[in-house]
1. Looking only at segment 59-69, count how many residues are within 14 Å of Ser7 (Cβ to Cβ) and not acidic (Asp, Glu).
2. Please work out which residue is farthest from Tyr86 (Cα to Cα), limiting yourself to segment 1-56 and to residues that are of a type in the set (S, T, N, Q) and crowded, with 19+ Cβ neighbours inside 10 Å.
3. Hey, among the residues in segment 4-51 that are in contact with a Phe, Trp or Tyr (Cβ under 6 Å, 6 or more places away or on another chain) and touching a residue at least 60 places away in the same chain (Cβ under 8 Å), which one's farthest from Val89 (Cα to Cα)?
4. Collect the residues in segment 71-85 that are surrounded by 16 or more Cβ atoms within 10 Å (Cβ to Cβ) and of a type outside the set (Val, Ile, Thr), keeping them in residue-number order.
Amino acid sequence: MNVNKLSADPISMVLGIVSIVVLFLGCCCGLLVIPALAMSIVGLVMANNSLKEYITHPEDFNPKSKNNVSIGKTLCIVGVALNSVYILVISIYFIIYGTLISDGFKENFKNINYINKEIQYETDKDSMNYEMNQSDTIVTDTIITIE
C-alpha cells in the first residue's frame, strides 16, 4: 500500500500560491516582488526534486501526492514567470523615469549655474567699482634723509 507522501507535497503548493498572492497584493510598491520570486524558485526546486524521487521509486509514494506536487510545480512556474515579468516592467519603468528625471536635473542645474554666473558678474562689477574708487586717492610716504 502506498501511504508515503513526497517531501514537497504541501510546501511546493503553498509556496506557489503564496508567491502569486504576494505578487498581486504587493504590486503597488514592488517591494515584495523579490521575496515572492525567491519563494517561487524554492518551491520549484523542491517540486522538481520530489518528482525525481517519485520517478525513481513510484511504488513507495502515493499517486495523489505526486499530483499535488505537480500542481505545486505548475503554480511555482506561474509565480516565477509573473514575478520575473513584473521585475522587468519595474526595471524598465525606473530606467525611463530615471532618464527623464536626470534630464530635468540637468536643465535645473544649467539654470542654477547661469544664476551663479550672474551673481559672480555682479560681485566682480562691484569689486571693480570699489577698486576704482580706491585708485583715485594717492598715498605718499615721507622720506627723511639723515646726513
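No value in this document is a laboratory result; all are computed from the given coordinates. The model shown is predicted, which means the values in this text are computed figures rather than measured ones. Note: ideal-geometry Cβ built from the backbone for every residue, glycine included; neighbour counts use all protein chains shown.
1. Residues that pass the stated criteria total 6.
2. The extreme case among them is Ser50.
3. Per the stated criteria, the residue is Asn4.
4. Of everything in segment 71-85, those that are surrounded by 16 or more Cβ atoms within 10 Å (Cβ to Cβ) and of a type outside the set (Val, Ile, Thr) turn out to be Gly72, Lys73, Leu75, Cys76, Gly79, Leu82, Asn83.
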